[in-house]
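The values are calculated or read from the model by the stated rules, or taken from the named source; none is laboratory data. What you are looking at is a predicted structure, and each value in this text was computed from that prediction instead of being measured. FYI the Cβ positions are ideal-geometry reconstructions off the backbone, even for glycines, and counts take in every protein chain you see. What goes into the accessible areas is simple: the full protein's heavy atoms, side chains included, and nothing from ligands, DNA or RNA. Shrake-Rupley method; radii C 1.70, N 1.55, O 1.52, S 1.80 Å.
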Amino acid sequence: PPAASEPSDVAAIFGRPPRPDDGDSGERRLQMTMKGTRFFALERLAAHFSLSRHAVIEHLIDWADDTLTKSLYDDEAAFNRYIDRDHNKK
């Protein structure tokens, strides 16, 4: 395991500045229900990193999207499918 002084991958995710807002995208409301174990994990993450639940979810989404996008760097067709999927407009 990493030494206590080394940041974990999770700490790195939440330590990054949030992605800049895209002024043209507007805001969307998301209403969701989740299992209790995941809700309590969200609460723990928010408390541990002194973030709102909203910020925790946004950081995780930004990390997942950035990671996948970078993995598709050399595959333009796959990248375009990821970006242009019709179901992404839901």
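Listing for the model above:
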{"item": "Pairs with Cβ under 7 Å, 6+ apart, first in the range 63-82 and touching a residue at least 12 places away in the same chain (Cβ under 8 Å) and among the aliphatic types (A, V, I, L, M), second assigned to a helix (DSSP H, G or I) and open to solvent by 50 Å² or more (accessible area, probe 1.4 Å)", "result": "LEU68/TYR82"}
{"item": "In the range 8-17, residue modelled with the lowest pLDDT [restricted to those that are open to solvent by less than 100 Å² (accessible area, probe 1.4 Å) and assigned to a loop (DSSP other than H, G, I, E, B)]", "result": "SER8"}
